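Novice: Here's a structure for you.
The values are calculated or read from the model by the stated rules, or taken from the named source; none is laboratory data. Computed from a prediction, not measured in an experiment: that's the story for all the values here. Counting neighbours? That spans all protein chains shown, and the Cβs are built from the backbone with ideal geometry, glycine included. For the accessible areas, the whole protein counts, side chains as well, though only heavy atoms, and no ligand, DNA or RNA atoms are used. Shrake-Rupley method; radii C 1.70, N 1.55, O 1.52, S 1.80 Å.
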Amino acid sequence: PEYHRQTGTVLAMGHDVFYHAGHFFREQPPRHTVYLVRAADGTWGPLEWLQWNDPRGAFIYTCNCAQRVTLADGDVLVPLSVGAKSAARSVVVVRCAFDGRKLSVRSTSNELTNTKGRGLLEPSLVQLDGRQYLTIRAEDERGYVSTSDDDGRTWSPQIAWTFDDGEPLVTSTTQQRWLGLDGELYLVYVRKDPTNLNVMRWRAPLYIALVDRRTLKLVRS
């Protein structure tokens, strides 16, 4: 959930996922991005689907627990992982209008793709100094970064995260998150390390690294 200043509401977003008898249901039906709104008087509205009638999302279009960006005019940029039932997923960013009750898609960005495993998953967005940054989970022991200079309409080809000494960030099918602090941009991430080889997907501990925004590399020091 995030406060939407322009309408004085709280917009909470996620996606539907299905379980049966206490376990993840392997034969998932089509899945969607969902949202609900907390009005200024403190009451929550009903759970709604974000309607997106794009054939690329016929089976799945999800935003998980992604970070998103609210633009100055109140429009909301939402990063989506989309795909067919048996295909690798790709990432697009939708620009949505929000009037304090209804969230509706205005436009869709170009598409970022990766054919390894399930493709590109669980993207997260941040905005700093007029530029948008996207970090993306993948299944090839890498995470990826992409940028936009036109309010999320066009995204650069994604590149794998590396440190500024050239060493790649080795991570395993795990999300990354953004942290903006004192005018700087940081990436919160996990990585393969001798101390966490017995942790599932090396998901602890969390590391934080300064991002060199000129080179899109993580500052080793």
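Novice: Could you please let me know if P157 is open to solvent by 60 Å² or more (accessible area, probe 1.4 Å) and at pLDDT 95 or above?
Specialist: Considered against the rule, which asks whether it is open to solvent by 60 Å² or more (accessible area, probe 1.4 Å) and at pLDDT 95 or above, P157 comes out as yes.
Novice: Of (1) in contact with a Ser or Thr (Cβ under 6 Å, 6 or more places away or on another chain); (2) at pLDDT 95 or above, V105 satisfies all except one. Which?
Specialist: Going through the list (1) in contact with a Ser or Thr (Cβ under 6 Å, 6 or more places away or on another chain); (2) at pLDDT 95 or above, V105 breaks only (1).
Novice: A follow-up question, please. Going by the conditions given, is R106 touching a Cys at 6+ places or on another chain (Cβ under 9 Å) and more than 16 Å from P123 (Cα to Cα)?
Specialist: yes
Novice: Further, regarding this structure: Inside the stretch 5-24, can you point out the residues that are of a type in the set (A, V, I, L, M, F, W, C) and closer than 19 Å to V82 by Cα?
Specialist: M13, V17, F18
Novice: A follow-up question, please. Output the residues belonging to the stretch 177-221 that are of a type in the set (D, E, K, R) and out of contact with any Lys or Arg (no Cβ under 9 Å at 6 or more places or on another chain).
Specialist: Across the stretch 177-221, the qualifying residues are R177, D182, R191, K192, D193, R201, R203, D212, R214, K217, R220.
Novice: For the stretch 76-94, how many residues meet the condition of being in contact with a helix residue (DSSP H, G or I) (Cβ under 9 Å, 6 or more places away or on another chain) and either of a type in the set (K, R) or over 11 Å from V105 (Cβ atoms) (or both)?
Specialist: Number of matching residues: 4.
Novice: A further question follows. Has the stretch 178-188 got at least one residue that is touching a helix residue (DSSP H, G or I) at 6+ places or on another chain (Cβ under 9 Å), of a type in the set (D, E) and either over 16 Å from S124 (Cα atoms) or not in a loop (DSSP other than H, G, I, E, B) (or both)?
Specialist: For the stretch 178-188, residues touching a helix residue (DSSP H, G or I) at 6+ places or on another chain (Cβ under 9 Å), of a type in the set (D, E) and either over 16 Å from S124 (Cα atoms) or not in a loop (DSSP other than H, G, I, E, B) (or both): absent.
Novice: Also, quick follow-up: Looking at the stretch 1-120, what strands (runs of 3 or more DSSP E) fall wholly within it and have at least 3 residues that are more than 28 Å from D150 (Cβ to Cβ) and touching a Lys or Arg at 6+ places or on another chain (Cβ under 7 Å)?
Specialist: Filter on the stretch 1-120 gives an empty set.
Novice: Does G143 meet the test of being open to solvent by less than 60 Å² (accessible area, probe 1.4 Å), over 13 Å from the mean Cα position of the chain (by Cα) and within 22 Å of H15 (Cβ to Cβ)?
Specialist: Against the criterion (open to solvent by less than 60 Å² (accessible area, probe 1.4 Å), over 13 Å from the mean Cα position of the chain (by Cα) and within 22 Å of H15 (Cβ to Cβ)), G143 does not qualify.
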